Amino acid sequence: MNQFLPHLSLLILVTVFTAVKPSGLTSSEATAAVSRFQEYLRIDTAQPSPDYAKAAAFITSQAESIGLESQTLELVAGKPLVLLKWPGKQSSLPSLLLNSHTDVVPFETDKWAHHPFSAAIDSSGRIYARGSQDMKCVGMQYLEAIRLLKKTGFSPDRDIYITFVPDEEIGGHAGVEAFVKSEIFKKLNIGLVLDEGLASPGPEYRLFYGERSPWWTVIRSKGAPGHGAKLYDGSAMENLLKSIEAIKRFRTAQFDLVKAGVKAEGDVVSINFVYLKAGTPTPTGFVMNLQPSEAEVGLDIRVPPSADPEALERRLAEEWAPSSRNLTYEFKQKVPVVDIYGKPAVTVADSSNPWWSLLGEAVKKAGGKLGKPEIFPASTDARYFRELGIPAFGFSPMANTPILLHDHNEFLSKDEYLKGIEIYESIIKELTSYHGSTIDEESKAEL
Ligand SMILES: *[C@@H]1O[C@H](CO)[C@@H](O)[C@H](O)[C@H]1NC(C)=O
Ligand SMILES: [Zn+2]
């Protein structure tokens, strides 16, 4: 931890002298906002042993200084979830939930130019830290936007909740999954959730309205063992390799659609081989003249909401793991593609959903632009809300920024960070002043 301390005084100087002044924030507000962001980034919340207590204490103190109601829920021991509230003038309106996770993924310190918890700012204004993109930026931007809105005297019509949740990076089981099942959650009457998105290398912000469901699958093969010199049918390896060839052809066809620009990454079924396991071990390696009687392969399959899950599972059962070839399959994880009402677990992202229109309008008013709505290629906590039929968009306002989540030297430029605060100011204003009902509310009423 100590290795980055000597930089701190230098950092503070850099912060002071290079602070830019975007339209909405004064230069001193910008400087203060950046240093609060750095403070949050410096808390070690890396999996597998995040300092959640420190993060919760920091968030709570921020909430206090802004004047937000706060409570820390411990739905699972040792996994605090901080729930903040800015009450609206009309609490009967469905509320807005701004969600972010406090944990970050681990890192290899020696691959970084600056220590991942230094939050060092380089001469071009890049803030380097694990979590600078994923997603401590967003959590702090929510708070900074509210701080500014409160200063200007704005007060929302609907209630706003802000959650800082644990364990997203390890599946969210002790975080949002537990939260959505709690009695507290049921009383929040949430109309819309905003959660994380991805950086955009281009000038348009990315917006996600659904995500692919992970199907982590193991295919096991059995076959007659035999001498390594003998050619025969029905060995475990041969039976499995036939499947691997078929899966590879399917993978290539899906990938070709992406390469040809016919489909986006989030709209195809992706399959990647994550392990192969076979052979008869010896102390120094494997027996070389024996064909083993068992073999298995692990697959990370991601299924888009547009796919037909039944057809895909049929293909798995009949083509990739047929019992006729002595193969079996097992799901290690199989997230449903549909919500609890049996509908695809996506949030409507066209003008028939007023939330979507308002969001686009708000971003535009703040001088930004949203790209075409996308399916998130991996998983986020947003899926737990969508599974309940609650509309949720994934959005992290980072344009002109390389996608560095989970990568070495993750950074976010100070200007993009500050710009994002203004984007959320505009979003909160727009979404909390809207009084109409949404199609999702209507369709829920129908059920
Ligand atoms: C499957 O296993 C059975 C029983 O061991 C064997 O008779 C049969 O030939 C095997 N089939 C294939 C395709 O390997
Ligand atoms: Zn994340």
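Structure summary
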| item | result |
| --- | --- |
| Residue in the range 379-401 that is among the small types (Gly, Ala, Ser), assigned by TED's automatic domain parsing to the domain that holds Val165 and surrounded by fewer than 19 Cβ atoms within 10 Å (Cβ to Cβ) present | yes |
| Residue satisfying all of: in the range 211-248; closer than 26 Å to Asp267 by Cβ and basic (Lys, Arg); farthest from ligand 2 (Cβ to nearest atom) among these | Lys248 |
| Every residue from the range 206-251 that is in a loop (DSSP other than H, G, I, E, B) and farther than 30 Å from Tyr384 by Cα | Gly223, Ala224, Pro225, Gly228, Ala229, Lys230, Leu231, Tyr232, Asp233, Gly234, Ser235 |
| Residue list for the range 382-423, restricted to those being among the small types (Gly, Ala, Ser) and at positive phi | Gly389 |
| Pair list, Cβ under 7 Å, 6 or more apart: the range 63-78 residue in contact (Cβ under 8 Å) with a residue 12 or more places away in the chain, other residue among the basic types (Lys, Arg) | Ile66/Arg147; Ile66/Lys150; Gly67/Lys150; Leu68/Lys85; Glu69/Lys85 |
| Verdict on Phe411 being under 13 Å from the mean Cα position of the chain (by Cα), assigned by TED's automatic domain parsing to the domain that holds Lys111 and more than 14 Å from ligand 2 (Cβ to nearest atom) | no |
| Yes/no for Arg212 being of a type in the set (Lys, Arg), surrounded by 18 or more Cβ atoms within 10 Å (Cβ to Cβ) and within 26 Å of Asp339 (Cβ to Cβ) | yes |
| Residues that are of a type outside the set (Asp, Glu), under 37 Å from the mean Cα position of the chain (by Cα) and loosely packed, with under 13 Cβ neighbours inside 10 Å, drawn from the range 280-332 | Ala311, Arg314, Ser323, Lys332 |
| Residue under evaluation Gly261, criteria (1) assigned to a loop (DSSP other than H, G, I, E, B); (2) within 16 Å of ligand 1 (Cβ to nearest atom), criterion not met | (2) |
| Every residue from the range 220-243 that is near ligand 1 (Cβ under 9 Å from one of its atoms), crowded, with 16+ Cβ neighbours inside 10 Å and not charged (D, E, K, R) | Ser221, Gly223, Ser235, Ala236, Asn239 |
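The values are calculated or read from the model by the stated rules, or taken from the named source; none is laboratory data. Keep in mind it's a predicted model, so treat the numbers as computed, not measured. Cβ atoms come from the backbone with ideal geometry, glycine included; neighbour counts cover every protein chain shown.
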